[in-house]
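The values are calculated or read from the model by the stated rules, or taken from the named source; none is laboratory data. None of these values were measured; they are calculated from a predicted model. Don't worry about glycine lacking a Cβ; one is built from the backbone with ideal geometry, like all the others, and counts go over all protein chains shown. Accessible surface is based on the protein model in full, side chains and every heavy atom, while ligands, DNA and RNA are left aside. Shrake-Rupley method; radii C 1.70, N 1.55, O 1.52, S 1.80 Å.
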2 protein chains.
Amino acid sequence: MSETVLHVCTTCRSEGDTSEPRAGARLFAALREEAERLGVPGLRIEPVECLSVCKRPCTVAVASRDRWTYVYGDLDPVESARTILEGVARYAGTPDGIVPWRERPQEFRKGVVARIPSFTTVPDAS
Amino acid sequence: MSETVLHVCTTCRSEGDTSEPRAGARLFAALREEAERLGVPGLRIEPVECLSVCKRPCTVAVASRDRWTYVYGDLDPVESARTILEGVARYAGTPDGIVPWRERPQEFRKGVVARIPSFTTVPDAS
(Lines give C-alpha, C1' and ligand atoms only; values in the text may rest on other atoms or scores of the structure.)
Protein backbone atom coordinates (compact mmCIF):
# COMPACT_ATOMS: atom_id res chain seq x y z
CA MET A 1 0.00 0.00 0.00
CA SER A 2 1.42 3.40 -0.96
CA GLU A 3 2.43 5.84 1.73
CA THR A 4 0.04 8.75 2.16
CA VAL A 5 1.42 12.27 2.47
CA LEU A 6 -0.49 15.05 4.15
CA HIS A 7 0.93 18.40 3.07
CA VAL A 8 -0.01 21.18 5.47
CA CYS A 9 0.37 24.83 4.49
CA THR A 10 2.14 26.56 7.36
CA THR A 11 1.87 30.01 5.74
CA CYS A 12 -1.93 30.19 5.92
CA ARG A 13 -3.34 32.93 8.12
CA SER A 14 -6.94 33.03 9.27
CA GLU A 15 -8.62 36.25 8.11
CA GLY A 16 -7.76 39.17 10.36
CA ASP A 17 -5.54 37.01 12.56
CA THR A 18 -2.01 38.36 12.82
CA SER A 19 -0.93 36.17 15.73
CA GLU A 20 2.09 33.90 15.61
CA PRO A 21 2.48 31.05 15.02
CA ARG A 22 0.15 31.36 12.06
CA ALA A 23 -3.04 29.34 11.81
CA GLY A 24 -1.42 26.99 9.28
CA ALA A 25 1.52 26.33 11.58
CA ARG A 26 -0.91 25.70 14.44
CA LEU A 27 -2.84 23.24 12.31
CA PHE A 28 0.39 21.47 11.39
CA ALA A 29 1.35 21.15 15.06
CA ALA A 30 -2.14 19.92 15.97
CA LEU A 31 -2.04 17.30 13.22
CA ARG A 32 1.39 16.03 14.23
CA GLU A 33 0.29 15.81 17.85
CA GLU A 34 -3.00 14.08 17.07
CA ALA A 35 -1.34 11.64 14.66
CA GLU A 36 1.22 10.75 17.30
CA ARG A 37 -1.51 10.23 19.85
CA LEU A 38 -3.62 8.04 17.53
CA GLY A 39 -0.74 6.27 15.81
CA VAL A 40 -1.34 6.47 12.06
CA PRO A 41 0.79 3.97 10.14
CA GLY A 42 1.83 4.85 6.59
CA LEU A 43 1.12 8.56 6.98
CA ARG A 44 3.72 11.28 6.54
CA ILE A 45 2.72 14.80 7.60
CA GLU A 46 4.79 17.48 5.87
CA PRO A 47 4.83 21.25 6.32
CA VAL A 48 4.83 23.28 3.11
CA GLU A 49 5.36 27.00 2.75
CA CYS A 50 2.44 27.69 0.45
CA LEU A 51 -0.16 25.64 -1.39
CA SER A 52 -1.37 28.77 -3.26
CA VAL A 53 -4.88 28.56 -1.79
CA CYS A 54 -4.38 31.77 0.18
CA LYS A 55 -8.05 32.81 0.08
CA ARG A 56 -9.28 29.67 1.83
CA PRO A 57 -7.13 29.08 4.94
CA CYS A 58 -6.25 26.68 6.42
CA THR A 59 -5.33 24.35 3.57
CA VAL A 60 -3.95 20.84 3.19
CA ALA A 61 -3.27 18.42 0.34
CA VAL A 62 -3.60 14.65 0.62
CA ALA A 63 -1.46 12.69 -1.82
CA SER A 64 -0.26 9.19 -2.53
CA ARG A 65 1.63 7.80 -5.52
CA ASP A 66 -1.15 5.60 -6.80
CA ARG A 67 -4.13 7.67 -5.74
CA TRP A 68 -5.83 10.91 -6.67
CA THR A 69 -4.49 13.98 -4.86
CA TYR A 70 -7.05 16.15 -3.03
CA VAL A 71 -6.65 19.74 -1.88
CA TYR A 72 -8.88 21.07 0.91
CA GLY A 73 -9.37 24.55 2.31
CA ASP A 74 -11.49 26.41 4.89
CA LEU A 75 -10.12 24.21 7.69
CA ASP A 76 -10.02 25.22 11.33
CA PRO A 77 -6.48 25.34 12.80
CA VAL A 78 -7.46 23.35 15.87
CA GLU A 79 -10.86 21.74 15.50
CA SER A 80 -10.13 20.21 12.09
CA ALA A 81 -7.12 18.10 13.06
CA ARG A 82 -9.00 14.97 14.10
CA THR A 83 -11.46 15.23 11.21
CA ILE A 84 -8.64 15.60 8.70
CA LEU A 85 -6.94 12.48 10.05
CA GLU A 86 -10.20 10.54 9.87
CA GLY A 87 -10.67 11.65 6.26
CA VAL A 88 -7.08 10.75 5.43
CA ALA A 89 -7.55 7.28 6.96
CA ARG A 90 -10.57 6.69 4.71
CA TYR A 91 -8.55 7.91 1.73
CA ALA A 92 -5.70 5.54 2.59
CA GLY A 93 -8.18 2.68 2.77
CA THR A 94 -9.19 3.03 -0.89
CA PRO A 95 -7.26 1.75 -3.90
CA ASP A 96 -7.55 5.01 -5.85
CA GLY A 97 -8.10 7.68 -3.20
CA ILE A 98 -11.74 8.24 -4.09
CA VAL A 99 -13.84 8.02 -0.93
CA PRO A 100 -17.60 7.66 -1.51
CA TRP A 101 -19.28 11.06 -1.02
CA ARG A 102 -21.35 10.00 1.99
CA GLU A 103 -18.29 8.71 3.82
CA ARG A 104 -16.37 11.95 3.46
CA PRO A 105 -16.15 14.28 6.45
CA GLN A 106 -18.33 17.35 6.08
CA GLU A 107 -15.19 19.53 6.09
CA PHE A 108 -13.87 17.63 3.06
CA ARG A 109 -17.18 17.90 1.18
CA LYS A 110 -17.43 21.63 1.67
CA GLY A 111 -13.74 22.45 1.59
CA VAL A 112 -12.60 20.68 -1.56
CA VAL A 113 -10.43 23.01 -3.64
CA ALA A 114 -9.24 20.63 -6.36
CA ARG A 115 -8.39 17.01 -7.11
CA ILE A 116 -5.74 15.68 -9.48
CA PRO A 117 -5.38 12.17 -10.94
CA SER A 118 -2.34 10.10 -10.06
CA PHE A 119 0.15 9.16 -12.73
CA THR A 120 -1.27 5.67 -12.71
CA THR A 121 -4.91 6.72 -12.95
CA VAL A 122 -6.61 5.34 -16.00
CA PRO A 123 -8.10 8.29 -17.89
CA ASP A 124 -11.82 8.39 -17.21
CA ALA A 125 -12.88 10.39 -20.25
CA SER A 126 -11.66 10.43 -23.83
CA MET B 1 13.63 14.55 -17.75
CA SER B 2 10.25 13.52 -16.37
CA GLU B 3 7.25 13.45 -18.65
CA THR B 4 4.81 16.31 -18.09
CA VAL B 5 1.09 15.56 -17.90
CA LEU B 6 -1.52 18.19 -18.64
CA HIS B 7 -4.85 17.09 -17.15
CA VAL B 8 -7.77 18.91 -18.76
CA CYS B 9 -11.19 18.90 -17.13
CA THR B 10 -13.68 18.04 -19.86
CA THR B 11 -16.70 18.48 -17.56
CA CYS B 12 -16.19 22.23 -17.07
CA ARG B 13 -18.96 24.45 -18.40
CA SER B 14 -18.58 28.18 -18.89
CA GLU B 15 -21.19 30.07 -16.84
CA GLY B 16 -24.55 30.14 -18.56
CA ASP B 17 -23.25 28.10 -21.48
CA THR B 18 -25.27 24.94 -22.08
CA SER B 19 -23.83 24.14 -25.50
CA GLU B 20 -22.17 20.86 -26.35
CA PRO B 21 -19.39 19.94 -26.42
CA ARG B 22 -18.76 21.66 -23.09
CA ALA B 23 -16.16 24.38 -22.71
CA GLY B 24 -13.77 21.94 -21.04
CA ALA B 25 -14.06 19.46 -23.88
CA ARG B 26 -13.49 22.28 -26.36
CA LEU B 27 -10.38 23.35 -24.46
CA PHE B 28 -9.12 19.77 -24.47
CA ALA B 29 -9.61 19.55 -28.25
CA ALA B 30 -7.92 22.92 -28.78
CA LEU B 31 -4.95 21.86 -26.66
CA ARG B 32 -4.53 18.56 -28.48
CA GLU B 33 -4.72 20.34 -31.84
CA GLU B 34 -2.31 23.10 -30.87
CA ALA B 35 0.16 20.62 -29.33
CA GLU B 36 0.09 18.54 -32.49
CA ARG B 37 0.70 21.62 -34.60
CA LEU B 38 3.58 22.84 -32.46
CA GLY B 39 5.05 19.43 -31.64
CA VAL B 40 5.60 19.30 -27.87
CA PRO B 41 7.95 16.47 -26.86
CA GLY B 42 7.50 14.89 -23.44
CA LEU B 43 3.97 16.22 -22.95
CA ARG B 44 0.93 14.01 -22.43
CA ILE B 45 -2.46 15.73 -22.57
CA GLU B 46 -5.15 13.78 -20.72
CA PRO B 47 -8.88 14.41 -20.39
CA VAL B 48 -10.29 14.07 -16.88
CA GLU B 49 -13.93 14.04 -15.87
CA CYS B 50 -13.67 16.52 -13.02
CA LEU B 51 -10.89 18.36 -11.21
CA SER B 52 -13.37 19.63 -8.57
CA VAL B 53 -12.77 23.29 -9.43
CA CYS B 54 -16.29 23.68 -10.77
CA LYS B 55 -16.60 27.37 -9.86
CA ARG B 56 -13.63 28.45 -11.97
CA PRO B 57 -13.99 26.89 -15.44
CA CYS B 58 -12.07 25.97 -17.50
CA THR B 59 -9.52 24.16 -15.38
CA VAL B 60 -6.32 22.21 -15.96
CA ALA B 61 -3.61 20.61 -13.81
CA VAL B 62 0.06 20.41 -14.78
CA ALA B 63 1.96 17.55 -13.19
CA SER B 64 5.23 15.70 -13.40
CA ARG B 65 6.73 13.06 -11.15
CA ASP B 66 9.61 15.16 -9.88
CA ARG B 67 7.98 18.57 -9.98
CA TRP B 68 5.31 20.51 -8.12
CA THR B 69 1.79 20.07 -9.48
CA TYR B 70 -0.12 23.24 -10.37
CA VAL B 71 -3.88 23.63 -10.82
CA TYR B 72 -5.21 26.55 -12.87
CA GLY B 73 -8.74 27.84 -13.44
CA ASP B 74 -10.57 30.69 -15.20
CA LEU B 75 -9.17 29.59 -18.57
CA ASP B 76 -10.80 30.39 -21.89
CA PRO B 77 -11.80 27.28 -23.88
CA VAL B 78 -10.25 28.56 -27.09
CA GLU B 79 -7.98 31.52 -26.48
CA SER B 80 -6.06 29.89 -23.61
CA ALA B 81 -4.74 26.85 -25.50
CA ARG B 82 -1.54 28.41 -26.81
CA THR B 83 -0.82 30.25 -23.54
CA ILE B 84 -1.27 27.06 -21.53
CA LEU B 85 1.18 25.21 -23.75
CA GLU B 86 3.70 28.04 -23.41
CA GLY B 87 3.33 27.94 -19.64
CA VAL B 88 3.68 24.16 -19.62
CA ALA B 89 6.85 24.38 -21.72
CA ARG B 90 8.37 26.76 -19.16
CA TYR B 91 7.32 24.40 -16.37
CA ALA B 92 8.93 21.45 -18.17
CA GLY B 93 12.13 23.46 -18.50
CA THR B 94 12.60 23.74 -14.72
CA PRO B 95 13.99 21.06 -12.41
CA ASP B 96 11.21 21.46 -9.82
CA GLY B 97 8.28 22.94 -11.75
CA ILE B 98 8.58 26.37 -10.16
CA VAL B 99 8.66 29.00 -12.91
CA PRO B 100 9.79 32.48 -11.78
CA TRP B 101 6.73 34.72 -11.29
CA ARG B 102 7.63 37.17 -14.06
CA GLU B 103 8.00 34.37 -16.59
CA ARG B 104 4.57 32.94 -15.90
CA PRO B 105 1.78 33.67 -18.37
CA GLN B 106 -0.73 36.17 -17.03
CA GLU B 107 -3.43 33.46 -17.11
CA PHE B 108 -1.33 31.30 -14.79
CA ARG B 109 -0.64 34.15 -12.38
CA LYS B 110 -4.30 35.05 -12.05
CA GLY B 111 -5.75 31.59 -12.43
CA VAL B 112 -3.73 29.59 -9.93
CA VAL B 113 -6.04 27.42 -7.82
CA ALA B 114 -3.48 25.36 -5.89
CA ARG B 115 -0.02 23.85 -6.04
CA ILE B 116 1.17 20.60 -4.47
CA PRO B 117 4.74 19.42 -3.81
CA SER B 118 6.03 16.33 -5.60
CA PHE B 119 6.93 13.23 -3.64
CA THR B 120 10.56 14.09 -4.12
CA THR B 121 10.26 17.75 -3.06
CA VAL B 122 12.42 18.57 -0.09
CA PRO B 123 10.19 20.08 2.60
CA ASP B 124 10.67 23.83 2.62
CA ALA B 125 9.48 24.53 6.15
CA SER B 126 9.71 22.62 9.37
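Computed from Cα positions, the angle between helix A:80-92 and the longest principal axis of chain A comes to roughly 10 degrees.
A simple spin-label model places the labels of A:ARG56 and A:ARG37 2.7 nm from each other, with each point 7 Å out along Cα-to-Cβ.
Shielding value for A:46-57 is 4, the average number of Cβ atoms from other chains within 10 Å of each residue's Cβ.
The charge dipole of the protein assembly as shown, taken about the Cα centre with unit charges on the Cβ atoms of Lys, Arg (+1) and Asp, Glu (-1), comes to about 120 debye, rounded to the nearest 20. Round to the nearest 10 and give me the degree value, 0 to 90, for the angle of helix B:23-38's Cα axis relative to the longest principal axis of chain B. Roughly 60 degrees between the two axes. Between chain A and chain B, roughly 2500 Å² of accessible surface gets buried, counting both sides and using a 1.4 Å probe.
Each residue, A:ARG44 and A:ARG90, gets one label point 7 Å from its Cα in the Cβ direction; the gap between the two is 2.5 nm. Taking only protein heavy atoms and a 1.4 Å probe, the accessible area of the protein assembly as shown is 50% carbon and sulfur.
Under the convention that each Lys and Arg Cβ holds +1 and each Asp and Glu Cβ holds -1, the size of the dipole of chain A around its Cα centre is about 220 debye.
The modelled label-to-label distance for the pair B:ASP74/A:GLU3, using points 7 Å beyond Cα in the direction of Cβ, is 3.6 nm. For the stretch B:1-89, trypsin sites (Lys or Arg not before Pro) meeting the loop criterion (DSSP other than H, G, I, E, B) and having at most 15 other Cβ atoms within 10 Å: B:LYS55, B:ARG65. Label-point distances for A:LYS110 to the equivalent site in the other copies, using a point 7 angstrom along Cα→C-beta, read 3.1 nm when ranked shortest first.
Between copies, the label points at A:ASP17 (set 7 angstrom from Cα along Cα-to-Cβ) are spaced 3.8 nm, reported in nanometres from shortest to longest. Legend: calculated FRET efficiency, A:ARG102 to B:ASP17, from the Cβ-Cβ distance at R0 = 41 Å, rounded to 0.05, equals 0.85.
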